[in-house]
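Here's the structure, in structure tokens; my notes come after.
What follows is calculated from the coordinates using simple rules that are stated; it is not laboratory data. Note that this is a predicted model, so its numbers are computed, not measured. Counting neighbours? That spans all protein chains shown, and the Cβs are built from the backbone with ideal geometry, glycine included.
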Amino acid sequence: MALQTDYPATLAIGKPGQIANTEANNIISATIVGGPVAFGLAATRGAADNTAKLGGTVFYGISVRDRAVEGTSVDAFAVGMTGGFMATGAILVTAGEAVVAGDAAGFIPATGALMKAGTTGATAILGAEFDASGAAGAIVRLRIR
């Protein structure tokens, strides 16, 4: 029987879209329209009630990783699925650029990428800030109040 002899010094923080901790949060659901929405991206309100998409103008929430969907061909909610979106709370996301804990957060509407609020082309998320520092592409905690 093979034994593991090599261990990482630290565990991975998690995956984009995972709920970061057990503090109070508000997760709302919506039907996906317009195209798939990957986990951990900022989605916007769709034209119809209770719909969400990428590419709109009004922030809806950060897509929450769903274990029932995870591991399918794409780690995303497909069009027509009901997805969960965090409106308040702490969630893990991929930093679209280098961020420092305390930076106000925003997103690029066309892609849902999370950036600093002052980045060119980014729309600020009211009450949101990065709660951890990281380089572009790092998994970091985002807090929405």
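Given 0.36 nm per residue, what is the gain on full extension from Leu126 to Asp49 after removing their alpha carbon distance, in nm?
Stretched fully, the Leu126-Asp49 segment lengthens by 25.6 nm.
The Cβ shell under 13 Å around Thr111 holds other residues with a net charge of 0, Lys and Arg each +1, Asp and Glu each -1.
Taken along the Cα-to-beta-carbon direction at a fixed 7 Å, the label points for Asp6 and Glu23 span 3.7 nm.
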